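Read the structure below first, then the notes.
The values are calculated or read from the model by the stated rules, or taken from the named source; none is laboratory data. Here the structure is a predicted model, which means the values were calculated and not measured. A quick note on method: Cβ atoms are made from the backbone with ideal geometry, for glycine too, and the neighbour counts reach across all protein chains shown. Areas reflect the complete protein model, heavy atoms only, side chains present, ligands, DNA and RNA absent. Shrake-Rupley method; radii C 1.70, N 1.55, O 1.52, S 1.80 Å.
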Number of protein chains: 2
Amino acid sequence: MTENSSPQMWIYDTTLRDGMQCEGLSVSIEDKLRIARSLDRLGIPFIEGGWPGANPKDVQFFLHLQEEPLQNSEIVAFCSTRRPKTEASTEPMLQAILGAGTRWVTIFGKSWDLHVIESLKTTLVENLAMIQDTIEYLRIQGRRIVYDAEHWFDGYKHNPDYALQTLEVAITAGAEWLVLCDTNGGSLPHEVSQIVSSVVSHVSSLTNQEPWTNDKSRFPIPQIGIHTHNDSDTAVANALAAVMAGARMVQGTINGYGERCGNANLCSIIPNLQLKLGYKCIENSQLSELTQTSRFISEVVNLAPDEHAPFVGRSAFAHKGGIHVSAVERNPLTYEHIQPEQIGNCRRIVISEHSGVSNVLAKARSFGIELDKQNPKTAQILQRLKTLESEGYQFEAAEASFELLMRSALGSRQQFFEIKGFQVHCDLVEGKEKSHALATVKVAVNGKDIIEAAEGNGPVGALDAALRKALVNFYPQIALFELTEYKVRILDGHAGSSAKTRVLVESRSGQQRWTTVGVSTNILEASYHAVVEGLEYGLFLHFCAIPVLNVSSS
Amino acid sequence: MTENSSPQMWIYDTTLRDGMQCEGLSVSIEDKLRIARSLDRLGIPFIEGGWPGANPKDVQFFLHLQEEPLQNSEIVAFCSTRRPKTEASTEPMLQAILGAGTRWVTIFGKSWDLHVIESLKTTLVENLAMIQDTIEYLRIQGRRIVYDAEHWFDGYKHNPDYALQTLEVAITAGAEWLVLCDTNGGSLPHEVSQIVSSVVSHVSSLTNQEPWTNDKSRFPIPQIGIHTHNDSDTAVANALAAVMAGARMVQGTINGYGERCGNANLCSIIPNLQLKLGYKCIENSQLSELTQTSRFISEVVNLAPDEHAPFVGRSAFAHKGGIHVSAVERNPLTYEHIQPEQIGNCRRIVISEHSGVSNVLAKARSFGIELDKQNPKTAQILQRLKTLESEGYQFEAAEASFELLMRSALGSRQQFFEIKGFQVHCDLVEGKEKSHALATVKVAVNGKDIIEAAEGNGPVGALDAALRKALVNFYPQIALFELTEYKVRILDGHAGSSAKTRVLVESRSGQQRWTTVGVSTNILEASYHAVVEGLEYGLFLHFCAIPVLNVSSS
């Protein structure tokens, strides 16, 4: 399927709004901005950023994006219709959504008569007016409208006439997209298929008479979108069924994050649509960033990636067993449904020494190190990498540590200081409200031992402070380094408090940022190693200014 | 849908064979037996136990089951067809499968011409003979046959005539079930639907002439089954599509365990078939054991249960947000696609920053505490909750801590011990490979101070050990408590190492599990508070046996 001939499918990401309903997930504004920028790089056409009328944090988020807009994506603000018996123009939620300053807004309204009566406690007629007024008001204010029809499928099954009326008023008021939501996630693909087909033909018949038809700045007719949840374990199939019945927008979240059982997973939907059903969602070059984006976002929200996730999971293209492995190497088609490289994943031969060479070489290139397959150092680095990974290290997000490892193997790692040990003491004394933390470190610089101690808010802060104190006289630029992020993941939660701990530390100096990793059963030791490598890498950046090494294979 | 009028669907579980291909999963014979017995109680008609010809452990498993047979289920042994250019009667694998002593055997063979030539390195004709001979031989030995057509969908797409010939020889040889396998997991529901329809009509047309038709001890005609994998994130939908196209057996695994992205998840398929599509899979009383079975099996294989799993996950019927909660309590239909009790799950009201009074009241009821809106304590609890949440506490996952908080406000929290302080010392000494952790705690029980110290793998393990040592003489049941999970989240990662840390600790005693939370800028203090509350809640469960308090509003 060539890219040019493929019909367009409009992907609408709601990781930052509906995805945030996921139990156990909460993120800062800074994290939301990082996620938005990674979705923008991925080329997602619509990114729903939040509900500024309901969440003060989201107001800040939209203000940030007004200052530094996205490159590719339309950022969308989300809101409900006005409340019963109010005026759209004086509804505070709608003022908040206008304040978000987006070109597009998504308004959700009720499709199910039961919800209108039981949840909104209003009349069916007033609900229609709420939908119409809200959209008209926002259109007059210059906004383009996506209308999310909440509980669409349940509503349509109970009272199809009323459900269709809600769409009709949305169209009349000027919505460009009508998104059918399976809010409770109870529908199965055959139902979605039938209902979407009916809606598509109903809307097409209506919109022949609509005045919008000739406005070239708009989508040609109100198009149909689909928004599904995974309660029946068919969210992806439901979305695909809707597409095959005529929907042209798919709403979902990265990694399927969302309330209860999650939303439709865009990491599955995009490759299914683009590689199997022949739609164009994003550029092929962007598609090859999908796996990396999925993992990056799971790091940002600090939820362990699902190793068995379709397409982007670490096990998605893992092959066990000898015959199987040689067959897949001879002809990947025999055991793989797509080429993993198309989505930036890779085949993984479990227990093969040769897996990952290309990754190592690719990584080396990204550090400006020329390595090749024949170089015996390449095998050594790979071996070291595998050993560390089996101990729980992970270098996906800790490239600075991986570069130090690689330079170590190549003999080009400069030793700025030598660590000789640490001590940490914490206590919470009877009668005191707050605990106390003290750290002592011993390092050697140019053969000279230095011992320093410092207090901190907690033991890691104390360790960081003591290390800086010990080194700053030799390397004054350390005063400019900042420890900007600190993340902890318990690797085998089931081993309880004696589980292994992986710590990621992000450091910054001016515009440069780098991440280092430490692993240990002792959380303080893991933190110590990550902080030490963070300081070392900062010095490496300062003094070595990324020389391009050329390591020949001879 | 009444149970009696529903058509039967034959569920075939392959957790013990295909499920074991899941990366990170390996179990003992004893564990396999425990899983088989739990599936037997669930009423699964067919349980595939293993491949005795390939795996010596599986031979033992079948021998055990010969001594202590299952009550409800047919246990099935699995094997490939004979190899090219051998005799079925002298093929060791087939002797092994006969040795398993099962009534039913499943034989898998190649459907895809490419695999016959590239993997088996034989001719298309010999492959047909391999299928026919193997089934005939086992039929003569008195076995009933399920035939698994491996790579069916890819094979049919490439060479439908040859693929159908493989089924025809299986029918002629006496197979009672023909199971179409999407081995690579690449098919989408619309393809499965079309292909299964074609096969069903093709097989029906053939079998009118078969001699088996009049044998009442057999399934009336060779019936069609479906076996799907989740590589496209549509395994469940693919199975349902096959059923709607005429398949009458569904193969899958509990929790979707399996190679790469897993097999079709029976925990989703069974409720979809039985509660939504009107098929009878198991008794309704057995269906209400589904959640428990899913969790039991995840315990046995020692993989953390997926909290967001459809139907059986802990979050599958979790509700956040005030309006939402009061609506679901008035009319569950508004926000739930099925009644959670039908599958043995339960509604869960999540306590979060969006919580209103109705969440607090619902939660209180679930703890057996009668509170009402007018009670001033209710407002106090809500206020306390919001204060703690603004400090970084989160009770979504820490219900035990929330119950302690609530009982504290109501004056019904029993003080088993008083904490008076702790000290932790960690060091990594020059020349040593491993760090060392020592904790000292001071607690008072019945007015008597106790000071104890202990070492650990890390500081949290040391703290936990010291606390237990201090308390176990007073409360010997503490020896039975186990710290089963430990999670750390840095709340404002951007504050670097002085960020706030939230620690969740899951504890267990026998079948009971509970989770507690601690928050501090000092990770050790946060851990300490969570561990202390974990011990306290365990004692509360032991001594107070959840009395139903009746707190009036007066």
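The table for this structure:
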item: Förster-model FRET efficiency, 22 Å R0, B:Ala54 and A:Lys386, C-beta, rounded to 0.05; result: 0.20
item: Accessible area per residue, Å², the protein assembly as shown with all protein chains present, probe 1.4 Å; result: 38
item: Cα-based shape type of the protein assembly as shown, given that a ≥ b ≥ c are square roots of the gyration tensor eigenvalues and the cut on a/c is 1.5; result: rounded
item: Cα-projected label distance for A:Glu341 with A:Glu433, points at 7 Å along beta-carbon direction, nm; result: 6.1
item: Label-point separation, A:Ile221 to B:Leu303 (7 Å along Cα→Cβ), nm; result: 4.6
item: Position A:Gly99, label points 7 Å along Cα→Cβ, spacing to each other copy in nm (shortest first, one decimal); result: 7.6
item: For A:Lys420, label point 7 Å along C-beta direction: distances to other copies, nm; result: 3.9
item: Loop-resident sites, segment A:114-187, for trypsin sites (Lys or Arg not before Pro), counting at most 11 other Cβ within 10 Å (DSSP); result: A:Lys121
item: Mean-position separation - Cα centroids, segment B:231-302 and segment A:418-464, in angstrom; result: 53
item: Within the protein assembly as shown, percent of DSSP bridges classed antiparallel, to nearest 5; result: 50
item: Length released on extending from B:Ala444 to B:Thr90, taking residue separation times 0.36 nm less the Cα-Cα span; result: 120.0 nm
item: Efficiency of FRET between B:Ser285 and B:Gln511 - r from beta-carbon atoms, R0 25 angstrom, step 0.05; result: 0.80
item: Cβ-based net charge around B:Lys110, under 13 Å, with every Lys or Arg adding one and every Asp or Glu removing one; result: -3
item: For A:Glu430, net neighbour charge (Lys/Arg +1, Asp/Glu -1) across residues whose Cβ lies under 9 Å away; result: +3
item: Hits among aspartates and glutamates - C-alpha to C-alpha of B:Lys276 under 20 Å, sequence gap 8 or more where chains match; result: A:Asp154, A:Asp182, A:Glu191, A:Asp231, A:Asp233, B:Glu3, B:Glu289, B:Glu336, B:Glu341
item: Within-11-Å neighbourhood charge of A:Arg468 [Cβ basis; K, R +1; D, E -1]; result: -2
item: Label-point gap, in nm, between B:Leu25 and A:Leu206 - each point 7 angstrom along Cα→Cβ; result: 4.6
item: Low-density loop cleavage sites - trypsin sites (Lys or Arg not before Pro) in segment A:1-97, where at most 11 other Cβ are within 10 Å (DSSP); result: A:Lys85
item: Listed pairs B:Lys377/B:Lys469; A:Lys432/B:Lys469; A:Lys363/A:Lys420; A:Lys57/B:Lys320 exceeding 26 Å between Cα atoms; result: B:Lys377/B:Lys469; A:Lys363/A:Lys420
item: Cα shape, segment A:276-319, gyration tensor, a/c 1.5 rule; result: oblate
item: Structure-based [θ]222 nm, chain B - -39500 (n - 2.57) summed over DSSP H runs of at least 4, per residue, nearest 500; result: -11500 deg cm²/dmol
item: Distances in nm from B:Arg139 to the matching label points in the other copies, shortest first (labels 7 Å along Cα to Cβ); result: 6.9
item: Beta bridges per DSSP with both ends in chain B, % antiparallel, nearest 5; result: 45
item: Euclidean distance between Cα centres, segment A:361-396 to segment B:131-172, Å; result: 46
